[in-house]
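All remarks here apply to the structure that follows.
The values are calculated or read from the model by the stated rules, or taken from the named source; none is laboratory data. The shown structure was predicted, so the numbers you read here are calculated from the model rather than taken from an experiment. Every residue, glycine as well, gets a Cβ built from its backbone with ideal geometry; the counts of neighbours run over all protein chains shown.
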Amino acid sequence: MKANRKALLGLLVCLGSAAASAQVAPNNQGDIGLFTMPTADMPRPDQLTLGLYGWKEQLLAGNLALLNGFVVMRDVAHDPRELGAGHITGAAIVARTGDEWYEVEREWRHVRAWSPWRGQLDLETWPRGTRMVDLAASVRSRGPIVLTVMQDGAVLWRSAIMPHPRPMKLEMSCRVRDGHGRLELLASPFGQLEPPVVPDRPPIFAIEDLRFVAPGRDQSRR
């Protein structure tokens, strides 16, 4: 009986010592994390050690919620035909590829779409109105071609495109009337101005990282 009392008294003394000399590892909320004793690694003879550990399920749930938020941000739904969008001079504007284009490719840093010899880009603004729009993009090709961009029968931009590793810069101004505009892109073999008549539609050129800037703004700073 006396031995049991001594053991119980020793346990109470050790608990008191643990509360007084424990090392606490709190989190940013001040919650208790881990209690350790100096003699926890190698207990001395006739000495009792005690270790306590508290687990916060809220922290795990919070991390899972944060991870889920990143997944949702990464998998945001996009219009499969949207090649570029922006906001200029008090209006929102978006460019969409026509039915003849291949599916828009979205990477971490780039957005591009491949087109056969002929392709159309549709522009739409909100609110609707008539305005000039400056457009900038990069152009890639799989072979030497001449690319022409036209609107309402007028040539807006024309240049030879070579299959270099680095894309070529495209900069031009176009008009949007009543909230709508359409650009026609024509690719032709190098040395010609008309697209060939072919039964298939292989990918010939790509428009990449299309963006809009306010008229008169220096596009080289973007």
task: Inspect segment 120-128 for any residue being touching a Cys at 6+ places or on another chain (Cβ under 8 Å) and assigned to a strand (DSSP E or B) and give the result as yes or no.
output: yes
- request: Within segment 98-135, count every residue that is within 24 Å of the chain's Cα centre (by Cα) and without any contact (Cβ under 8 Å) to a residue 12 or more places away in the chain.
  value: 4
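In this structure, does residue 160 turn out to be surrounded by fewer than 17 Cβ atoms within 10 Å (Cβ to Cβ), in a strand (DSSP E or B) and of a type in the set (Gly, Ala, Ser)?
Values: surrounded by fewer than 17 Cβ atoms within 10 Å (Cβ to Cβ): yes; in a strand (DSSP E or B): yes; of a type in the set (Gly, Ala, Ser): yes.
So residue 160 fits the description; yes.
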query: What pairs come up if the first residue lies in segment 186-205 and is in contact (Cβ under 8 Å) with a residue 24 or more places away in the chain, the second is in a strand (DSSP E or B) and of a type in the set (Phe, Trp, Tyr), and their beta carbons are under 7 Å apart, counting only those six or more places apart or on different chains?
result: 187/205; 203/114
Yes/no for residue 107 being more than 16 Å from residue 182 (Cβ to Cβ) and acidic (Asp, Glu): yes
query: Can you name the condition, by its number, that residue 142 falls short on among (1) under 13 Å from residue 206 (Cβ atoms); (2) in contact with a strand residue (DSSP E or B) (Cβ under 6 Å, 6 or more places away or on another chain)?
result: (2)
task: Those residues that are of a type in the set (Lys, Arg) and modelled with pLDDT under 95, I need them from segment 150-168; list them, please.
output: 166
Number of positions in segment 82-99 that are modelled with pLDDT under 95, surrounded by 13 or more Cβ atoms within 10 Å (Cβ to Cβ) and in a loop (DSSP other than H, G, I, E, B): 1
